[in-house]
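Notes follow once the structure below has been shown.
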Amino acid sequence: MTSSTLETMVKFHVSLNVSNLPRAIEFYRVLFDRAPAKQHFDYAKFEVEEPPLVLSLIPSRAGPGGNLNHAGLRLRDSVQLVQNQERLERAGIQTKREEGVECCYSKQTKFWVTDPDRTLWELNVLHEDTDEHGHDSVLSEEDVAGGKAEEMKEEDRWEHHLINPVPERIPHEDNSLDRVLLKGTVNLRPELARLPGVLREAFRALRPGGEIVMHGLGSDKPVTQPLPQLPGPVSSIQFVPTEKEQMQAMLDAGFVQVCFEKLSPKPYFWVGTAELREVLLAGRKPGFRPRKAEHQAIYLGPLAEVRDDFGNHFRRGERVALNIHDWQALSNGAAADQFLLLPPSQPPPLASCCSERSSSVGGLSHHLEARGKTMSKVAPNAEVPGSMRETT
């Protein structure tokens, strides 16, 4: 294979999970200065010729950057480095530049930039190799914007993994966690998973509005045959409940806004006639719901009617009064773009009314004053209407 053929065939390929696909597409459109080569509702791909790169974007839940430490592009020279940095900053995207630093056994000039999901990108020019590892600025306490790293503190989340025993009690106080992650917990044998109990514990430990995330395998129907030895990372799976059972368990525990953030279109495995798919469920702990309903929502369609987890019923095109809790939950939810969300109506401000009236009165006063000045210039022998003559 010739060098030219290799250059046209080999490209650095990165696949990233993104929480908001349109926002991520817009960021990478600016970063690469080009439109995506492919764009669908559930996938986008950018292809860059120089340096060779294929970047895939997949809407899916992940931590900041997922398991990726950072991604990078090595540029030909400092001119390219400056041009890329200037283009990003003109678009309002913050960067952090480092001149002549020693990092990863080399001396580089670089800048850092983060995408909307805080995946860290390094664009650099290599000056020379060195014998020392140098300072790895990826581990700096300062983020690209110059502030402190925004990683969620360890004490604000709790995770359980399939290979670990399930504790009787989540080791956190009531209403203290922002997120609980159950990774494969649902695929332990029921007597080990104790799923209803661990979900009740998650509900206790989460703050109002806190999030529960449950990730594992689910089936379309009950699995009646013994599970075969599954390959790779799923080899520890002992039990596969149905997709509906997993969702219902979260609802029974009291969580609301429960949704399938991922339900793989094609099954990964079959056990008899049962199809096993990847399931990612998310829900939230509700907060206090006041009785006063001063906000409004109008469902825009396309369905004839929908209902939320709080019992609110929305018919297409009709106004529904909501309390602030339910209105905010709808505003921050996945279906927000299907609603027109209206805050409490306010009477017209008095200031504008008075100011218009004052303006009119002022105009009238000015008109009368001008009229008076005109009349004062009338000659003494001019004819004056009888009703305006002075009497002596």
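The numbers here are math on the coordinates, done by the rules we state, and not lab data. Treat the numbers as computed from the prediction; the structure is a model and nothing was measured. Ideal geometry is used to build each Cβ from the backbone, glycine not excepted, and the neighbour counts take in all protein chains shown.
Charged side chains reduced to their Cβ positions (Lys and Arg at +1, Asp and Glu at -1) give the range 154-284 a dipole of some 320 debye around its Cα centre. In terms of distances greater than 25 angstrom between alpha carbons, the cross-link table entries LYS45/LYS266; LYS183/LYS266; LYS38/LYS221; LYS244/LYS266; LYS45/LYS183 yield LYS38/LYS221; LYS45/LYS183.
Let me know the shape class of the range 154-284, please: from the alpha-carbon gyration tensor, a ≥ b ≥ c as square roots of the eigenvalues, rounded when a/c is under 1.5, otherwise prolate if a/b is greater than b/c, or oblate. Prolate. Listed from fewest to most Cβ neighbours within 10 Å, the set ARG284, ARG194 follows the order ARG194, ARG284.
Could you compute the net charge surrounding PRO196? Neighbours are other residues with a C-beta less than 15 Å from the C-beta of PRO196; K and R count +1, D and E count -1.
Numbers: positive: ARG169, ARG189, ARG194, ARG200, ARG204; negative: GLU168, GLU191, GLU201, GLU245, ASP252.
In short, 0.
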